[in-house]
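Participant: Here it is: the structure, laid out below.
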Amino acid sequence: MSLLKKTITLLALPALLWAQDPYPPGTVQMTPEVDLNLQPVALTVPAQFQGEVPDNLTLNLPPGFSVKVFAVTGLRGPRMMAFNADGVLHVANMKAGTADEFVPLGDPTGQIVALPDRDNDGVADTVIVAADSLLWANSLAFYGGDMYVADTHEILKFSDNDGDLVYETRSVFASNIPTAGSPHITRTIVADEANQCFYISIGSSCDVCRESDPERATVIRISADGQERRVFATGLRNAIGLDLHPVTGDLWATNNGHTEVPDSMPPEWIDIVRDGGFYGWPLAYGYQVWIDFTIRGHWRVPPITAVDTLLVQSMQRPAALVDAHTAPMDIYFYPARNFPSAYQNAAFVAYRSGFRGPDPGHKVVALFVDPDGSNATVGDFMTGFWPNPPNQDNIWGKPVGLTSDSQGNLYMTSDWINHLVLRVEYQGATGVREEPGITLPVTATLAQNYPNPFNPETRITYRLSGETNIDLSVFTISGQKVATLFSGRQSAGEHGVTWHAGDFASGIYLVKLWAGASEQVRKMILLR
């Protein structure tokens, strides 16, 4: 038996498995993008904020949407938000009292501010300091009529006994939250009323290293009575955004990947956080793709143990992978409210950065995904904070927090450059609320052919998220079309075609799949 045939034989088993799976372990498959037809929209600045926000700012939104400044006065580093039972927006004013974007722990000057809109004109009437003397409070949640705040080192419980939005009673709900001056100083909290608990994300103490504290790089779960506390999921380098899916109740998170690798890797992920799940850090990313430990700073992780290998093998494929270094912040599942039906149960995600990766970031995207995390697509929803990349000097906003009110208006915070809360409203293209009939494009996933190399035939499989017209053809490496394997309309689901290449010469061939507006290519090797 030749060396080549021996090699193919050794690879046959995993390749056979891959042929049945268009998204095999050890791969990175970015989430398909959809075009939401963004159009320029002038940012409306109410009269009371004139002079506090630059003139003539423009954002890009889908048709029928508008955007205005909801609050700006008194804000310094506004981050995550939550509405109380009376419909008053509360914001973590994290950097109050600081002069720099990134500063170490110092004096307790952080705040939670309440922004009532009593006349319902879509603009905050005033800024009320609801709670102060906080170190680095990033997020808050309401549970049982009380307000819970995630500071960097503890979780605090506040009560407003007289309803004036100034919280007089303060107590420590959970202490000894792991903290450090950098790099991941923020903590995010979400309340799960159905399961009577809270989830808190705690970032790593480094970029890529072994942690000594078992609560670092995790999401922890604390019972609502504060009596039970345990690690819920591990391997999350910095899961800043947390939210519960409105249908399943599952916890979802956004994660910021390690930063020492430039350009396109590793991608950021958005996924369900499962009880006992391992999410890669500091060993792997994507779908069981090992980190390159030869890169500077990563030498602190090896040697790799058998336990490490089992952990990586336990990683499930992520619901969504998006461009590296975009720093996804908050995730918010939009409920059944007045946005078009395509956005119901879709997740909005804020990207705070984008300097080092392939996407300029600084925007809000919409993630369309099935409740179980399958069939994800992602599209830009609000852009324009970085009008002319790659000039970093003209960035005017850094999106962080997301939520919506009972009428369905979407709110977003910018925590630096311009410190403000924006409100996105939907009225429809004619000024009266209407359903524009958004149809999300069909997505396709082309798997690697098996076997590869092959002689004389190989199997090509692909998956369609919906019914669409497709073309599956084979080309030479120089671009000459030599075979059409299928052309026509196909239903959603898994499909496969066998290419019989008995009349073709040895060499490299390309199989291309066109499905709607998408195109995917795989390289095939025919050996005689």
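Participant: List the extent of the Cα atoms of segment 448-495 along each of their three principal axes, largest first, rounded to whole Å.
Facilitator: Largest first, segment 448-495 extends 31, 23, 14 Å along its Cα principal axes.
Participant: Let me ask something additional. Thinking of segment 79-231 as a set of Cα atoms, what percent of all their pairs are more than 24 Å apart? Before the final figure, lay out each step's value.
Facilitator: Values: 3911 of 11628 pairs.
Everything past 24 Å amounts to 34 percent.
Participant: Sort L75, L89 so the one with the fewest other Cβ atoms within 10 Å of its own Cβ comes first. Intermediate results must be reported in sequence, preceding the final value.
Facilitator: Working: L75 24, L89 21.
Fewest-to-most Cβ neighbours within 10 Å comes out as L89, L75.
Participant: Which pairs in the list K68/K398; K398/K512; K95/K157; K68/K363; K363/K512 are over 27 Å apart, alpha-carbon to alpha-carbon?
Facilitator: Values: K68/K398 16 Å; K398/K512 39 Å; K95/K157 20 Å; K68/K363 16 Å; K363/K512 32 Å.
Pairs exceeding the cut-off: K398/K512; K363/K512.
Participant: Follow-up. In Å³ and rounded to a whole number, note down the convex hull volume per residue for the Cα atoms of segment 217-293.
Facilitator: Values: hull volume 8.1 nm³, N = 77.
Spelled out: Cα convex hull of segment 217-293, divided by residues, is 105 Å³.
Participant: Separate question: For the chain, report the translational diffusion coefficient in µm²/s to the nearest whole number, using Stokes-Einstein at 25 °C, 0.890 mPa s, and a Kirkwood Rh over Cα pairs. Working shown, then result.
Facilitator: On the way: Rh = 24.8 Å.
Stokes-Einstein gives a translational diffusion coefficient of 99 µm²/s.
Participant: Let me ask another. Show me the chymotrypsin sites (Phe, Trp or Tyr not before Pro) within segment 92-201 that DSSP assigns to loop and that have at most 11 other Cβ atoms within 10 Å of their Cβ.
Facilitator: Taking segment 92-201 and a limit of 11 other Cβ atoms within 10 Å, the loop chymotrypsin sites (Phe, Trp or Tyr not before Pro) found are F102.
Participant: Could you give the size of the charge dipole of segment 39-426 about its Cα centre, using +1 on the Cβ of each K and R and -1 on the Cβ of each D and E, expressed in debye and rounded to the nearest 20?
Facilitator: Working: 24 positive and 45 negative charges, 163 e Å.
Dipole size: approximately 780 debye.
Participant: Further question on the same structure: To the nearest 20 debye, what is the magnitude of the charge dipole of segment 137-209 about its Cα centre, counting +1 on the Cβ of each Lys and Arg and -1 on the Cβ of each Asp and Glu? Could you put the intermediate results ahead of the total?
Facilitator: Details: 3 positive and 10 negative charges, 60 e Å.
Around 280 debye, computed over segment 137-209.
Participant: Moving on to the next point. In square nanometres, what is the average projected area of the Cα convex hull of segment 251-341?
Facilitator: Working: hull surface 29.3 nm².
Here the figure is 7.3 nm², rounded to one decimal.
Participant: What Cys residues in the chain are without a partner cysteine, judged by a Cβ distance under 4.7 Å?
Facilitator: Lacking a cysteine Cβ partner under 4.7 Å: C197.
Participant: Using alpha carbons only, how many degrees (0 to 90, rounded to 10) separate the axis of helix 3-19 from the longest principal axis of the chain?
Facilitator: 50 degrees
The numbers here are math on the coordinates, done by the rules we state, and not lab data. Here the structure is a predicted model, which means the values were calculated and not measured. When we count neighbours, we look across all protein chains shown, and the Cβ atoms used for this are built from the backbone with ideal geometry, even at glycine.
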